[in-house]
1. How do K31, K90 stack up against each other in accessible area, from largest to smallest, with a 1.4 angstrom probe?
2. Tell me the accessible surface of W47 in square angstrom (1.4 angstrom probe, heavy atoms of protein chains only), to the nearest ten.
3. Sorted by accessible area with a 1.4 angstrom probe, largest first, how do C176, C159 fall?
4. How do S166, S51, S25 rank by accessible surface area computed with a 1.4 Å probe, from largest to smallest?
5. Let's test the formula: R0 of 25 Å, r as the Cβ-Cβ distance of D107 and V76. What FRET efficiency results, to the nearest 0.05?
6. Skip the ligands, DNA and RNA, and give the accessible area per residue of segment 50-101 with a 1.4 Å probe, whole Å².
7. Which listed residue (V116, P64, M52) has the Cα farthest towards the positive end of the charge dipole for segment 22-122, taking +1 on Lys and Arg C-beta and -1 on Asp and Glu C-beta about the Cα centre?
Amino acid sequence: MMETLYCEGLQRRFCGKAFDSPTDSLLPGMKLGINHKTGQNWSLTSWFTASMPTPGAFTLEWIPDELQLVVKRRDVKYWTSGVLNNGTFKNLEILTDYNFTQVSNTDEESLTFKIVPNGLLYGPTDPDWVNVTSLSLEYDGTMVAQKSSGMFLTIYESCDGYNTNSGCGRWEGPKCRSHGEKFQKKTIGL
């Protein structure tokens, strides 16, 4: 017998189990935060590379005391969303289709989102089409908003540790690097 659950009004098989164990993508109705009853921590973890799904260096966490999302690179703050205000974040204002909601009670402290059509990515709704969307944490620490039609939007570019633009964190680089020196990703053919 197959178990059928309902998430955000849509029939999904086994969505409850998947929603309790997010990987690198957050779907509408999924949670980031902590379940105080079970101790379960809901966070995203990037892949190791674009094609290798083993856990990578970046995590996306909901920090309820600060009312913000935080991307960490090996436990060091890499990027912050800014404080949650009226369903959005300062550094996520480009996501006009996303409405974020905080839950704080004795059972859990969490953040979830739902899609509000007619924004930048989604336009008017089509009652015959169920649009699947996600917020993904990429292997390089960037976040991407995606929809089922293939359209995607990079929310911020990679942070380099030197600037604090758009929520990027400042951190100490390797001792072998002088201030301002950056690594550049290059592809070579062999």
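1. K90, K31
2. 90 Å²
3. C176, C159
4. Final ranking, largest accessible area leading: S51, S166, S25.
5. The calculated FRET efficiency here is 0.25.
6. Averaged over the residues of segment 50-101, the accessible area is 51 Å².
7. Positive-most Cα among the choices belongs to M52.
The values are calculated or read from the model by the stated rules, or taken from the named source; none is laboratory data. It should be emphasised that the depicted structure is a prediction, and the values quoted were computed from it without experimental measurement. Positions of Cβ are generated from backbone atoms using ideal geometry, with glycine treated the same way; all protein chains shown enter the neighbour counts. For accessibility, only protein heavy atoms count, side chains too; no ligands or nucleic acids. Shrake-Rupley method; radii C 1.70, N 1.55, O 1.52, S 1.80 Å.
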